[in-house]
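Quick one: the structure is below, and I'll ask about it shortly.
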Amino acid sequence: MSCLRIDQIYLFLEGELSSTEVSTIKEHLSSCPKCKKAVEERRMLLRASESLPVLETPSDFTRQVMRKIFPKKISLGSLLITEAAGFSAEALMIFAFFLLTRKSLLRIVIDFNHVVRSFVLNLSVVSAKLVKLVSIFAEIILLLFKYISKGFFFLTTILSTDVQIILIFITLILSFLLLYGVRKKILTGEKAWKI
Amino acid sequence: MSSVNEDKDFISKTLKGEKKAFEMIIQKYQQPLLNYVWRTMGEREIALEFTQEVFMKAYYSLDSYRPQYKFRTWLFKIASNTIIDYWRKKKIDTFSIDPDRSKENYNMSFQISDDEVSVAEKFELSELRKSIETALGKIPAALRELFVYRHINGFSYDEIAEIKSLPVGTVKNRIFQAKELIRRHLEGKN
């Protein structure tokens with residue numbers, strides 16, 4: 001018999017060959033060190049592959065799957081019972097609070113009413129002061145405009161018409177230059193941004 | 001009761017509405033299924049998620065199961081399809097589903113080479129296991145899947161052929177390729 005093929009070696013090791021083939025191979029292996037070594041090599045490879053570490057499933061794995069398949073449904077009855085239990089617990093807590101503080105419900109309501117009233121009163125004082133401050137500020141602005149218009153009127157009485165025209169012209173040129181300068185500054189900024 | 005009859009009993013009880021019977025199925029197959037998914041995909045968290053998904057799919061399609069087939073192969077077929085769908089979405093090479101590439105042999109020689117490096121002399125058994133785990137991650141995904149079926153889950157070639165809907169000869173050839181590719185990695189040739 002000629003030397004073994006590698007696929008034949010694997011089938012031999014895995015018990016996939018007939019008894020006749022197995023005995024022929026065994027006979028060959030007893031006289032061929034090269035094939036014997038190749039068989040041992042692959043035997044070890046298979047042994048190691050078949051004993052690789054196993055990944056253990058988490059202890060609650062079955063429960064997790066079952067919960068996904070059968071999600072718990074809350075019935076209307078159980079929902080009402082839960083709500084009633086919660087409400088009763090709250091009522092009991094309020095009752096316990098009254099017992100411990102020895103205050104009547106009417107007294108607590110009156111106290112609460114006092115707190116709200118004083119808060120509203122304080123708030124109204126603050127808002128009244130704020131309105132007064134705004135009206136003073138408006139008066140100052142009005143006075144300022146009044147004196148500026150009086151100043152202009154006074155200037156028209158002491159300056160001749162020609163001087164007034166020249167002054168208006170100079171003001172227009174200065175305004176134009178100011179606007180032009182601002183525009184140029186903006187454009188330069190845009191170019192710089194594009195770069 | 002044999003394993004096959006036990007499965008049939010669990011299935012009929014589940015179909016009658018006994019939740020406990022499906023719990024028994026999960027308990028019986030969770031370990032081999034998780035290890036198949038883990039070794040094939042390589043990530044523990046994904047493996048846990050996928051294994052849960054496989055059981056859910058199995059439960060919802062249990063009425064389509066035909067008792068003439070083994071439940072184990074039916075369940076692992078669901079697992080295999082789930083993984084292949086995932087690989088397709090991730091564009092991972094899966095030539096087991098591509099008939100044009102079925103003749104690919106990775107220049108695999110069937111003859112024993114004269115200069116074969118001795119892996120047995122190179123590694124202790126524990127080291128060899130670690131090296132196999134590393135090498136498994138380097139071989140093509142579809143070959144890895146078949147190797148896992150055969151040498152980690154202990155399926156027969158016939159069962160693998162049934163799960164993968166492939167001829168037995170093709171399955172044998174591909175698993176041989178997987179083993180020799182792993183050996184090449186261990187020899188340091190790849």
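Spot the failing condition for A:Val22; the list is (1) farther than 30 Å from B:Glu23 by Cα; (2) open to solvent by 30 Å² or more (accessible area, probe 1.4 Å); (3) within 10 Å of chain B (Cβ to nearest Cβ); (4) touching a helix residue (DSSP H, G or I) at 6+ places or on another chain (Cβ under 7 Å), and only one is missed.
Among (1) farther than 30 Å from B:Glu23 by Cα; (2) open to solvent by 30 Å² or more (accessible area, probe 1.4 Å); (3) within 10 Å of chain B (Cβ to nearest Cβ); (4) touching a helix residue (DSSP H, G or I) at 6+ places or on another chain (Cβ under 7 Å), the lone unmet condition for A:Val22 is (3).
Which number in (1) surrounded by 10 or more Cβ atoms within 10 Å (Cβ to Cβ); (2) in a helix (DSSP H, G or I) marks the one condition that A:Gly77 misses?
Result: A:Gly77 fails condition (1) only.
Can I ask one more? Are there any pairs, at least 6 apart or on different chains, whose C-beta atoms fall under 9 Å, with the first in segment B:108-121 and within 7 Å of chain A (Cβ to nearest Cβ) and part of a loop (DSSP other than H, G, I, E, B) and the second open to solvent by less than 60 Å² (accessible area, probe 1.4 Å) and of a type in the set (Gly, Ala, Ser), and if so, which?
B:Ile112/A:Ala38; B:Glu116/A:Ala38
When only residues in segment B:31-43 that are surrounded by fewer than 21 Cβ atoms within 10 Å (Cβ to Cβ) and closer than 22 Å to A:Arg67 by Cα count, which is nearest to the other protein chains (Cβ to nearest Cβ)?
In this case the residue turns out to be B:Gln31.
Out of (1) open to solvent by 10 Å² or more (accessible area, probe 1.4 Å); (2) at pLDDT below 95; (3) polar (S, T, N, Q), the odd one out for B:Gln177 is which?
Of everything listed in (1) open to solvent by 10 Å² or more (accessible area, probe 1.4 Å); (2) at pLDDT below 95; (3) polar (S, T, N, Q), B:Gln177 misses just condition (1).
While we're looking at this one, here's another question. Filter segment B:138-190 down to residues that are in contact with a helix residue (DSSP H, G or I) (Cβ under 8 Å, 6 or more places away or on another chain), in contact (Cβ under 8 Å) with a residue 24 or more places away in the chain and in a loop (DSSP other than H, G, I, E, B), then give me how many there are.
So the answer is 8.
So B:Ile26 ticks every box in (1) open to solvent by 20 Å² or more (accessible area, probe 1.4 Å); (2) touching a residue at least 12 places away in the same chain (Cβ under 8 Å); (3) over 20 Å from B:Gly137 (Cα atoms) but one. Which box is left unticked?
With respect to (1) open to solvent by 20 Å² or more (accessible area, probe 1.4 Å); (2) touching a residue at least 12 places away in the same chain (Cβ under 8 Å); (3) over 20 Å from B:Gly137 (Cα atoms), B:Ile26 is out only on (1).
Identify the residue in segment B:129-168 that is charged (D, E, K, R) and more than 10 Å from chain A (Cβ to nearest Cβ) and, among all such residues, is nearest to the chain's Cα centre (by Cα).
The residue in question is B:Glu145.
On to the next question. Among all residue pairs at least 6 apart or on different chains, which show Cβ distances below 9 Å where the first residue, located in segment A:55-84, is more than 7 Å from chain B (Cβ to nearest Cβ) and over 30 Å from B:Ile46 (Cβ atoms) and the second is in a loop (DSSP other than H, G, I, E, B) and β-branched (Val, Ile, Thr)?
A:Thr82/A:Ile74
Restricting the search to segment A:29-54, which residues are more than 8 Å from every other protein chain (Cβ to nearest Cβ) and either surrounded by 15 or more Cβ atoms within 10 Å (Cβ to Cβ) or modelled with pLDDT under 90 (or both)?
Matches in segment A:29-54: A:Leu29, A:Cys32, A:Val39, A:Arg43.
For B:Lys164, which of the numbered conditions (1) surrounded by 21 or more Cβ atoms within 10 Å (Cβ to Cβ); (2) at positive phi fails to hold?
Answer for B:Lys164: the failing condition is (2).
Answer yes or no: is there a residue in segment A:4-16 that is more than 20 Å from B:Ala135 (Cα to Cα), open to solvent by less than 40 Å² (accessible area, probe 1.4 Å), within 7 Å of chain B (Cβ to nearest Cβ) and assigned to a helix (DSSP H, G or I).
The answer is no; no qualifying residue exists.
The values are calculated or read from the model by the stated rules, or taken from the named source; none is laboratory data. It should be emphasised that the depicted structure is a prediction, and the values quoted were computed from it without experimental measurement. All Cβ positions, glycine included, derive from the backbone under ideal geometry; neighbour counts span all protein chains shown. Please note that ligands, DNA and RNA were not included when accessible areas were found on the heavy atoms of the full protein model with its side chains. Shrake-Rupley method; radii C 1.70, N 1.55, O 1.52, S 1.80 Å.
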